[in-house]
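Asks: Questions regarding the structure given below will be posed in turn.
The values are calculated or read from the model by the stated rules, or taken from the named source; none is laboratory data. All values derive from a computational prediction rather than experimental measurement. Cβ coordinates were reconstructed from backbone atoms using ideal geometry, including for glycine residues, and neighbour counts include every protein chain displayed.
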């Protein structure tokens, strides 16, 4: 991670590139379904924060897979990462907020 991200949080653009380059990685968007429909990172799985505790084991069966989570600002994705780690996931990254995304959005 860069010095910039040490002070200002994760860089979603750098981490999305890392996720693309990491075999077996999964990107999850933990915003609401309506927010997801408004635009999301291509290939991101919609997994609203409220559903993470109950559905993670079913939707993310490999607890060692690299999982990258994002939301609007980074707060909900941080909560999702903590919950996934609590459930035993070993390779979870908070990408931060899509508000800082500079790439195209899928709809």
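Asks: For region 31-57, what are the residues that are touching a residue at least 60 places away in the same chain (Cβ under 8 Å), in a helix (DSSP H, G or I) and touching a strand residue (DSSP E or B) at 6+ places or on another chain (Cβ under 9 Å)?
Replies: Within region 31-57, just 37 meets the criteria.
Asks: Report yes if residue 49 is surrounded by 18 or more Cβ atoms within 10 Å (Cβ to Cβ), at pLDDT 95 or above, in contact with a helix residue (DSSP H, G or I) (Cβ under 7 Å, 6 or more places away or on another chain) and farther than 25 Å from residue 107 by Cβ, otherwise no.
Replies: So residue 49 fails the test.
Asks: Being more than 15 Å from the chain's Cα centre (by Cα) and without any contact (Cβ under 8 Å) to a residue 60 or more places away in the chain is the filter; apply it to region 82-107 and report the residue that is farthest from residue 57 (Cα to Cα).
Replies: Here the answer is 86.
Asks: On to the next question. Hey, can you tell me all the residues within region 70-83 that are part of a strand (DSSP E or B) and farther than 12 Å from residue 11 by Cα?
Replies: 71
Asks: Could you please give the count of residues in region 84-93 that are touching a strand residue (DSSP E or B) at 6+ places or on another chain (Cβ under 9 Å) and either part of a loop (DSSP other than H, G, I, E, B) or surrounded by 17 or more Cβ atoms within 10 Å (Cβ to Cβ) (or both)?
Replies: The total comes to 5.
Asks: For region 62-83, state whether one or more residues are loosely packed, with under 14 Cβ neighbours inside 10 Å and touching a helix residue (DSSP H, G or I) at 6+ places or on another chain (Cβ under 9 Å).
Replies: no
Asks: Search region 1-30 for residues being more than 20 Å from residue 89 (Cα to Cα) and part of a loop (DSSP other than H, G, I, E, B), and hand back the single one that is modelled with the highest pLDDT.
Replies: Checked region 1-30; the qualifying residue modelled with the highest pLDDT is 11.
Asks: Among what's in region 94-107 and is out of contact with any helix residue (DSSP H, G or I) (no Cβ under 6 Å at 6 or more places or on another chain) and not in a loop (DSSP other than H, G, I, E, B), pick the residue that is surrounded by the most Cβ atoms within 10 Å (Cβ to Cβ).
Replies: By that ranking, first place goes to 98.
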